[in-house]
1. Please give the direction-averaged projected area of the C-alpha convex hull for region 1-134, in square nanometres with one decimal.
2. Tell me, what is the Rg over Rh of the chain, with Rh the Kirkwood radius over Cα pairs?
3. Got a sec? How would 32, 170, 323 order by Cβ neighbour count within 10 Å, fewest to most?
4. Please arrange 103, 54, 297 by how many other C-beta atoms lie within 10 Å of their C-beta, fewest to most.
5. Please work out the Kirkwood hydrodynamic radius for region 73-117, using every pair of different C-alpha atoms, and report it in angstroms with one decimal place.
6. Looking at the chain as a GNM with Cα springs under 10 Å, which of 318, 152, 126 has the largest mean-square fluctuation?
7. With a cut-off of 8 Å between alpha carbons and a minimum separation of six or more residues, what is the relative contact order of region 235-338 in percent?
8. Just report the Cα centroid separation between region 202-231 and region 20-43, whole Å.
C-alpha cells in the first residue's frame, strides 16, 4: 500500500474492466455510469483519466449492485492484455516474461500514476510487491485482490500457461470468501502481512513468449512513448521531475540541464518553475535518492554496498553519511528496523 497523500488518477481501461464485470452479471452499463456520474464519452476516450476518488466510488457501487464482496478477485480473472491498450499489446510482443514485466513497470503510468509495483529476484524466487494508493478498507482490499489476480492472469496470457504461484501475501485480514482465494491462486495465502506480494519461481522470467515480435514491439513502444509524453505535459512540474529522476536514478544522476532539455525548456526556466512550487532540483534529487535507498534497504537480500553503488555514490562511506543526514539512521539501523520477519518461503 502507498500512503503518499498525493492524489492519483487512473486510465479508462480500469473503468472498462469494472464495467465488463458488471455487464457479465446482467447489470446495465448506463445505470451504473449514471449512478457514479460518469458519461459514456469519458469512458470511451482512449486517453481519458479520472481521479482515484471517483474510481473508489465506482468500486463501492459495483460491490453494492453485484452483491459480490469478492469483486476484486473476479475483476482480475476477467483481465487480459488487450484491456490495457497499447501496453497490453507490448507485453504480448516482448521477448521473455521478464521483459514483459519490465515493460509493465516502465509504462505503468499509462494505466495509473500511482507508485508502480516492484519485482525483485531473491535466489530461486521472484517476489512482486504490488503498490496501490491507500483508501478505505473495502477499496484497499479490492485493489489488492484485483492487482495480484490481474498480474497472474496477464502472465498466463503472455506465456500461454498458468503462473505457478508459490505464495501470496495480503495486508488485509482474511475475508469470508476464502474458497475463492483457494480456487484462484491454488497456493498458500497469508493475510495481515506488511506488504501485498505474489511469489513465484524466478525461472518464469526467462520463459520466451510465443508472440514475441521485435518490429511490432518497436512500433508499439513509439506509441507508448507518445502517450507518456502527452501525460508528462500535464500536472505539476515537480511531480514530473521526480518521476523522471525515479526512472533514471540508478543509471546515474541526470544534470538539471539534461532534465530541463527533457521538458523542452532551459535550466533557468526549470529552476523558476520549481521555485514557484516551493522546491528545488537538489531537493527533489535527494527525495528520490532517499526513497530508492529506503526501498532497497527494506530488501535484506541487497547488500548495502550494492545500494550505494546503484545510487552512484563513489564510496559506501559517502552513502552512509548521506543516508544518516537524510533519515537520522545509518543504513544498517534502518534495515534492522524495516526488515520483515522470516516467512514461509525462507522456511521451505
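Each reported figure results from applying straightforward, stated rules to the coordinates on display, with no laboratory input. For clarity, every value in this text was computed on a predicted model and none was experimentally measured. For neighbour counting, all protein chains shown are included, and Cβ atoms are generated from backbone atoms with ideal geometry for every residue, glycine included.
1. On the way: hull surface 35.7 nm².
If you wrap the Cα atoms of region 1-134 in a convex hull and average its projections, you get 8.9 nm².
2. Working: Rg = 20.9 Å, Rh = 21.7 Å.
Ratio of gyration radius to Kirkwood radius: 0.96.
3. 32, 170, 323
4. Values: 103 19, 54 16, 297 23.
Least crowded to most crowded, the residues run 54, 103, 297.
5. On the way: mean 1/r = 0.0907 Å⁻¹.
Here the Kirkwood hydrodynamic radius works out to 11.0 Å.
6. Fluctuation is largest for 318.
7. Values: 78 pairs, mean separation 25.9, N = 104.
Relative contact order here is 25 percent.
8. Centre-to-centre (Cα) distance: 31 Å.
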